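Contents: one structure, followed by commentary.
The values are calculated or read from the model by the stated rules, or taken from the named source; none is laboratory data. All values reported here derive from a predicted model rather than from experimental measurement. As a convention, Cβ positions derive from the backbone with ideal geometry for all residues, glycine included, and neighbour counts pool all protein chains shown.
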Amino acid sequence: MSKVKVEGLGDTLVGIEDKSIRDLKFTTLYVDLNSCFATTEQQARPRLRNKPVAIVNRVAEHATIIAASIEAKALGIKVGMRIEEAKSLVPEIIFAETEPSKYIYVHEKLKDILKSYSPKVVMKSIDEGLVDLSEASEETRSKTPKELGAEIKERLRTEVGSYMKCNVGFSSNRFLAKLAGELHKPDGLDCITEDNIHEVFSHLKLTDLPGINKKTEKRLRTYGILTPLQLLDAKEETLRVQVLGSIEGTKWYFRLRGVEVDEREDKTKSIGRQFVLPPNSKPEDIKMRIAHLAEDVGFRLRSQDLYARGIYVWVGFNMNEHHFVAHKNFLKNETFNTDAEIMEYTKNLYDEIIEENRGKSENPRIIGVSLYKLEDEETKQLSFEHERIEKNEKVAKVIDEINQRFGSRTVHSAYTLKTNDMHTKIPFGSTRYLDKNIGK
């Protein structure tokens, strides 16, 4: 997923070829699959190998590319590019629709490989993972980075597929290990040490550093920090008091020096999904699709054993011309998590949005449903509807068990029967749904 493109940086293993992971005091290993979605399709379908391939959620005129093969990237194809633009740039490009079960399989295989080296593994996304080498066996820690990196690459080829490639990075914390793993794509193997960090940083821009976006870069530049080297040389007090004005300045100071400050895992704050509607969708079709989204977020909510107190529905009108977004939300004192409740609240909020915007636009182009105020405990208030709610919870539990065993949407509302073209999206930046078999 990184956009880092390093020019002129040499082999970072020079000078440490014979040193072990233990001697180098490396505590973190980072592994990132190269062009995961596209490469997985090429692995599954050999005729696609060595050809430019773009992955889309559905092949439609206005669909956008969500992943591209190594070959496609080399020809200028980028994530977010529309199908027609990609065709004009690379006429021979091949489009493939997402098949989540394949990517989940690869994710699980990668996780199994990484867990064989340490009991402490964090999967940062579907295609990247971090291994705590301080918890690894003495046998693993006695290997050189080159030996262990080569072993992981070979296991990926033999245990997952011969066309699969990955980048591997080693360092003393998560941040530097990830940065190392992004230096030489595809199929790279790099290390960042206290001896080579200045050389590595001299070839990078501020926005090449994970976590530095355009906004943060602008703030750094305001204080005369124009390069990663200048950020590295900045004093802790300067970053904390003047530049970032918070504890984040202290974190950056230590992060750049190999101290681990990024171990905390954030709790899920919201669960949502959106869908771009086909042009000129009929009102009844849109209602079926918004109900489908409600079912999907309900399944995801329950897969994490969570409950919601709030629901948010939004509609984007005239996406390509006079675009505006209308939204409504609903907040309860008690929690909910059944499809029946979520679909009811979603439908009511959607109807209110359409009614309030009647005459402004008769052309909804994108719809979305999100659940928020998430809690891990159920709260109930006794009411006349208590028995109905309990019945709905039992039904939802049975349906979830069937769908987790046989695949999502094996059982679903009859009302959403005609919406099976709404393929489940696989998130790049999160794995919290994957372990519950979402999308199989």
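Where in the stretch 1-105 are there strands (runs of 3 or more DSSP E), lying fully within it, with 3 or more residues that are over 30 Å from Ile197 (Cα atoms)? Write out each step before concluding.
Values: elements: 28-33, 53-56, 65-68, 94-97.
Where strands (runs of 3 or more DSSP E) fall fully within the stretch 1-105 and carry at least 3 residues being over 30 Å from Ile197 (Cα atoms), they are 53-56, 65-68, 94-97.
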Only one of (1) within 23 Å of Val259 (Cα to Cα); (2) out of contact with any strand residue (DSSP E or B) (no Cβ under 7 Å at 6 or more places or on another chain); (3) surrounded by fewer than 22 Cβ atoms within 10 Å (Cβ to Cβ) does not apply to Leu176, and that is (3)
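Which one of Arg309, Arg255 is basic (Lys, Arg) and touching a Lys or Arg at 6+ places or on another chain (Cβ under 7 Å)?
Numbers: Arg255 fails: touching a Lys or Arg at 6+ places or on another chain (Cβ under 7 Å).
Arg309 is the lone residue from the list that is basic (Lys, Arg) and touching a Lys or Arg at 6+ places or on another chain (Cβ under 7 Å).
Results for (1) buried (at least 19 other Cβ atoms within 10 Å of the Cβ); (2) touching a Gly at 6+ places or on another chain (Cβ under 9 Å), shown as yes or no for each residue.
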site	(1), (2)
Gly272	no, yes
Pro279	no, no
Pro283	no, no
Ala294	yes, no
So, in the stretch 313-348, how many residues would count as being buried (at least 21 other Cβ atoms within 10 Å of the Cβ) and either within 29 Å of Ala63 (Cβ to Cβ) or among the aromatic types (Phe, Trp, Tyr) (or both)? 8
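Name every residue in the stretch 184-193 that is surrounded by fewer than 24 Cβ atoms within 10 Å (Cβ to Cβ) and in a loop (DSSP other than H, G, I, E, B), in order of residue number.
Taking the stretch 184-193 and keeping what is surrounded by fewer than 24 Cβ atoms within 10 Å (Cβ to Cβ), we get 184-189, 193.
Those that are surrounded by fewer than 24 Cβ atoms within 10 Å (Cβ to Cβ) and in a loop (DSSP other than H, G, I, E, B): His184, Lys185, Pro186, Asp187, Gly188, Thr193.
Scan the stretch 214-222 and give yes if some residue there is outside any helix (DSSP H, G or I) and of a type outside the set (Lys, Arg), otherwise no. I'd like the intermediate steps shown before the answer.
Taking the stretch 214-222 as the starting set, the residues that turn out to be outside any helix (DSSP H, G or I) are none.
Within the stretch 214-222, not a single residue is outside any helix (DSSP H, G or I) and of a type outside the set (Lys, Arg).
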Inspect the stretch 240-257 for any residue being within 30 Å of Lys120 (Cβ to Cβ), touching a helix residue (DSSP H, G or I) at 6+ places or on another chain (Cβ under 7 Å), surrounded by fewer than 16 Cβ atoms within 10 Å (Cβ to Cβ) and touching a residue at least 12 places away in the same chain (Cβ under 8 Å) and give the result as yes or no. no
Which residue is nearest to Gly258 (Cα to Cα), if the candidates are limited to the stretch 154-172 and must be assigned to a loop (DSSP other than H, G, I, E, B) and under 22 Å from the mean Cα position of the chain (by Cα)? Lys165
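Can you find a residue in the stretch 34-43 that is over 19 Å from the mean Cα position of the chain (by Cα), of a type outside the set (Gly, Ala, Ser), surrounded by fewer than 23 Cβ atoms within 10 Å (Cβ to Cβ) and at pLDDT 95 or above?
Kept after step one, since they are over 19 Å from the mean Cα position of the chain (by Cα), are these residues of the stretch 34-43: 42-43.
Filter again for of a type outside the set (Gly, Ala, Ser), leaving 42-43.
Now narrow it down to the ones that are surrounded by fewer than 23 Cβ atoms within 10 Å (Cβ to Cβ): 43.
Still in the list and also at pLDDT 95 or above: 43.
The answer is yes, given that some residue of the stretch 34-43 is over 19 Å from the mean Cα position of the chain (by Cα), of a type outside the set (Gly, Ala, Ser), surrounded by fewer than 23 Cβ atoms within 10 Å (Cβ to Cβ) and at pLDDT 95 or above.
Anything in the stretch 158-207 that is of a type in the set (D, E, K, R) and more than 20 Å from Ala68 (Cα to Cα)? List them, or say none.
Within the stretch 158-207, the first condition is being of a type in the set (D, E, K, R), and the residues that meet it are 159, 165, 174, 178, 182, 185, 187, 190, 194-195, 199, 205.
Within the stretch 158-207, Glu159, Arg174, Lys178, Asp190, Glu194, Asp195, Glu199, Lys205 qualify.
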Selection from the stretch 91-144 of residues of a type outside the set (D, E, K, R), surrounded by fewer than 18 Cβ atoms within 10 Å (Cβ to Cβ), under 22 Å from Thr28 (Cβ atoms) and out of contact with any strand residue (DSSP E or B) (no Cβ under 9 Å at 6 or more places or on another chain) yields Ser116, Ser137, Ser142
Looking at (1) within 20 Å of Leu179 (Cα to Cα); (2) under 25 Å from the mean Cα position of the chain (by Cα); (3) at pLDDT below 95; (4) among the aliphatic types (A, V, I, L, M), which is the one condition that is false for Leu9? (2)
